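Take a look at the structure below.
The values are calculated or read from the model by the stated rules, or taken from the named source; none is laboratory data. Because the structure is a prediction, the values reported are computed rather than measured. Because the Cβ atoms are built from the backbone with ideal geometry, glycine has one as well, and the counts that use them run over all protein chains shown.
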């Protein structure tokens, strides 16, 4: 992967998951068309483990909107013990779009993520019992890498019964979907897991038929000229998915006990 992304991800750090297969240390989503690599000693989180948590946290309609496709964590840890990484998918068609989004849309999404009310607006729509589990949300600078259709950002918060937790996320704009790779860990263990986070986030790749179509004239050129996208669903995807990802550890422990 390009070293340019390394610089962007490292800057964001300092400021501060469907059908799939496993091949060696690589996880592939056949449905959504991408791969990520796992660090040495990491393993895939079973889909049923993630689903158990979402059955508790979200109603059916919300599960249809928030899709965590894959997850990975250290093989010697209990399931969903920090640290772990999750891949989240938002298909454009699920938003009512019949096209990929544009470069102008990228900038609008990043601008809204940077807005001071983004976390509060998402928090206001969460169930009271989950909203009360977190406090003191701080969002790091959102970095947009237009040539590679990516953004990176970080979020720090206090999680009830856990303490300070950090989420570092890279979002990727593809031809059919926007996909986020999020890495979650306790903040005081961040330096210990920094290399694993970089390894996972940098390894993300779309399949060639799912990469953003950068041709100026293509199958959706007319609809791309028709105007911008509704940004709010993507903001709730990005911010809401990250906050939910932070809670998987706590909800899974509570559910199992």
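Some notes on this structure:
- Qualifying residue in the range 217-240 (condition: at pLDDT 90 or above and more than 18 Å from residue 42 (Cα to Cα)): no
- Subset of the range 52-79 (residues that are at pLDDT 75 or above, over 16 Å from the mean Cα position of the chain (by Cα) and not in a helix (DSSP H, G or I)): 74, 75, 76, 77, 78, 79
- Residue that is modelled with the highest pLDDT [pool: residues in the range 87-102 that are part of a helix (DSSP H, G or I) and surrounded by 15 or more Cβ atoms within 10 Å (Cβ to Cβ)]: 92
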